[in-house]
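Everything on this sheet refers to the single structure shown next.
The values are calculated or read from the model by the stated rules, or taken from the named source; none is laboratory data. Note that this is a predicted model, so its numbers are computed, not measured. Note that we place each Cβ from the backbone using ideal geometry, even for glycine, and neighbour counts take in every protein chain shown. Just so you know, the surface numbers come from the protein's heavy atoms only, side chains and all, with ligands and any DNA or RNA stripped out. Shrake-Rupley method; radii C 1.70, N 1.55, O 1.52, S 1.80 Å.
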Amino acid sequence: MLVKTYGSAVYGVDAIGITVEVNMSKGFKYYLVGLPDNAVKESQQRIESALKNNGFSMPGRKIVINMAPADIRKEGSAYDLTIAGAILAASGQVSDERCADYVIMGELSLDGGLQPIKGALPIALSAKENGFKGLILPKQNASEAAVVNDLDVYGISNIKELAEILDGNPSIAPEESNDILNKINDEFPSLDFSDVKGQENVKRALEIAAAGGHNIILIGPPGVGKTMLAKRIPGILPPLSMDEALETTKIHSVAGTLQKDGLVIERPFRSPHHTISDVALVGGGGIPKPGEISLAHNGILFLDELPEFKRSVLEVMRQPLEDMVVTISRAKVTVDYPANFMLIASMNPSPGGNFYDPDDPNSDSEHAVRRYLAKISGPLMDRIDLHVEVSPVPYDKLSDKNAGEGSIEIRKRVIEARETQTKRYSSEKGIHSNAQMTPKLMKKHCELDEMGNMMLKNAVEKLGFSARSYARILKVARTIADLDKSKNIEGHHVAEAIQYRALDRNGWLGSE
């Protein structure tokens, strides 16, 4: 008897439908074909033990299992339940009438229990797109998959419950729709900008960065609050839209980093240690997995003490910063991972941590400062829109008991600016903020008045800005104008944008 059940293979952040065909005939042999890896091949022992320990039997016949399409490699143990369901139906132990209604995925334990799987959300989305009635998977993944509407999601604890569903007598109800979107607007990080004493100019720069989705680097001596400021940026970013929440959740689902709520409702904040490898940062491995820059998609990647990262690690970020996607190529597979993130970096200005001061004999020399900053290549620094110097806070500011402006007030202005940009780019696919503008859109939306044009011309000629720096200044100026609710970019907007190229102005950029 031939029976078909259905599963999914996750590649990148998307799922591809897999058909498991089981045919039984005379004989006594077990064949598994269709390009399975070792984890899939080992399913025979897990399935046999699970069936016997739950009152079922492993048929003593010739069993041929084909996983189609056969040219796609099947990896992992999540196909155990798909194969077990097909064996039960083909041997007549459960009905085969409902096998075509469900996508079935799950890893079996020897006692018939189920272990959680990765990629439940992409699998659920694929099941809905392909017209399946429902999805059967481990209970631990049910809330994640239930984010998808119009799909019956059964979170089961053991193989007996699978048999009940296939026989049409389920003892459990489908998971309730996980309508968690409203929580997105209610959630607010506990870290608030009102805790920051002084640093008003830096807070202004961070507001601009958040409003336009710009990359920013903070340069200053130890203890001035660079890390403290960076950790408060998520509190002023706009809430995730439903599409962004689904995109972000898919990546974390594939990586296996999801929390129990099932849907990512806060913008990610990733802060890897400076000993990270290039593969861990951008993704990859024998079985490709998302790296830190993809886990920061729609959120923030914070690199503290930027020069301490290996040069090769930093250089692999060049292409993702421009294209907002990472392509991982291997001999047998090529996958794309989204990487639309805000890069927030911080660094000391010198090995000793201080700026060059000709009046202070204890400060690092100008040569030492230049050599330290040159650890960051010019092309990489060019891709960072705002360079901001962070100075020590004077005592009168530190001892001031009055709280500064809080994150809620700043966030309101950021959201208004983002809404302006959303309307502006509503007809552009994949463009949501000023930082993502193409040259064509810059020509359309970044026209300068005479004063602004002259000011930028002088800056480019006297300070030696590159073409990329020129484009970054225009994008930042556009964001500043949006925060001012100005339709046009004016001279003072350009002037403020130019001042945020501190390293360019001082001629301290690396040249490699």
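By its C-alpha gyration tensor, with a ≥ b ≥ c as the square roots of the eigenvalues, how is segment 17-130 shaped: rounded for a/c under 1.5, else prolate for a/b larger than b/c, else oblate? Spell out each step's value before the answer.
Values: a/c = 1.41, a/b = 1.32, b/c = 1.07.
The shape class here is rounded.
Per 0.36 nm of contour for each residue apart, how much would the distance between Glu461 and Lys62 grow if the chain were fully extended, relative to their Cα-Cα spacing?
Details: separation 399, 0.36 × 399 = 143.64 nm, distance 7.94 nm.
That works out to 135.7 nm of additional length.
What is the distance, in nm, between label points placed 7 Å from the Cα along the Cα-to-Cβ direction at Asn149 and at Thr257?
3.0
Local charge sum around Val333 (other residues, Cβ-Cβ under 14 Å, Lys/Arg +1, Asp/Glu -1)?
Numbers: positive: Arg73, Lys74, Lys289, Arg330, Lys332; negative: Asp14, Asp37, Asp71, Glu75, Asp336.
Spelling it out: positives minus negatives among the neighbours equals 0.
Plugging the Kirkwood radius over Cα pairs into Stokes-Einstein for segment 298-393, at a temperature of 10 °C and a viscosity of 1.306 mPa s, what D comes out in µm²/s? List each step's numbers first, then the result.
Numbers: Rh = 15.5 Å.
Once the numbers are plugged in, D ends up at 103 µm²/s.
In whole angstrom, note down how far apart the Cα centers of segment 1-55 and segment 247-296 are.
29
Extension gain Asp484-Gln93, at 0.36 nm per residue separation less the Cα-Cα distance, in nm?
Extending this stretch completely gives an extra 133.8 nm.
Could you work out the relative contact order of segment 25-164, using alpha carbon pairs under 8 angstrom and six or more residues apart, expressed as a whole percent?
Working: 244 pairs, mean separation 31.3, N = 140.
Computed over segment 25-164, the figure is 22 percent.
How long are the semi-axes of the ellipsoid equivalent to the chain, from square roots of 5 times the Cα gyration tensor eigenvalues, in whole Å, largest first?
53, 23, 21
Taking Lys429 as the anchor, which aspartates and glutamates have their alpha carbon closer than 18 Å to its alpha carbon, excluding any fewer than eight residues away along the same chain?
Reachable aspartates and glutamates: Asp243, Glu244, Glu247, Glu322, Asp323, Asp336, Glu419.
Checking the a/c ratio against 1.5 first, then a/b against b/c, what shape does the Cα gyration tensor give for segment 245-333? List each step's numbers first, then the result.
Values: a/c = 1.82, a/b = 1.24, b/c = 1.47.
Since a/c reaches 1.5 but b/c is at least a/b, the shape of segment 245-333 is classed as oblate.
How much net charge surrounds Gly112 when only other residues with a Cβ under 10 Å from its Cβ are counted (Lys, Arg +1; Asp, Glu -1)?
Values: positive: Arg46, Lys52, Lys160; negative: Asp111, Glu161.
Spelling it out: positives minus negatives among the neighbours equals +1.
Quick one: if you stick a label point 7 Å off each Cα along the C-beta vector at Val333 and Tyr395, how many nm between them?
6.2
Would you mind checking the radius of gyration and Dmax of segment 89-148 based on alpha-carbon positions, in Å?
Expressed in Å, the Cα Rg and Dmax of segment 89-148 come to 12.4, 34.
Can you tell me the FRET efficiency between Asp167 and Met324 if r is taken as the Cβ-Cβ distance and R0 is 60 Å, rounded to the nearest 0.05?
Details: r = 48 Å, r/R0 = 0.80.
FRET efficiency, Asp167 to Met324: 0.80.
Which percent, to the nearest 5, of DSSP beta bridges fully inside the chain are antiparallel?
Beta bridges within the chain, antiparallel portion: roughly 45 percent.
What is the dipole size for the chain, taken about its Cα centre, with +1 at each Lys and Arg Cβ and -1 at each Asp and Glu Cβ, in debye to the nearest 20? Please list the in-between numbers first.
Numbers: 59 positive and 68 negative charges, 226 e Å.
Once rounded to the nearest 20, the dipole reads 1080 debye.
Taking the Cα centre of segment 234-313 as origin, work out the dipole magnitude from +1 charges on Lys and Arg Cβ and -1 charges on Asp and Glu Cβ, in debye rounded to 20. Could the numbers behind the result be given before it?
On the way: 7 positive and 10 negative charges, 43 e Å.
Dipole of segment 234-313, to the nearest 20 debye: 200 debye.
How do the peptides 194-205, 453-464 rank, highest first, by the average count of neighbouring beta carbon atoms within 10 Å per residue?
194-205, 453-464
Using a 1.4 angstrom probe and counting only protein chains, how large is the accessible area of Lys375 in Å², to 10?
The value for Lys375 is about 90 Å².
Using 0.36 nm per residue of separation minus the Cα-Cα distance, give me the extension gain between Gln115 and Glu447 in nm, one decimal.
Full extension from Gln115 to Glu447 adds 113.8 nm.
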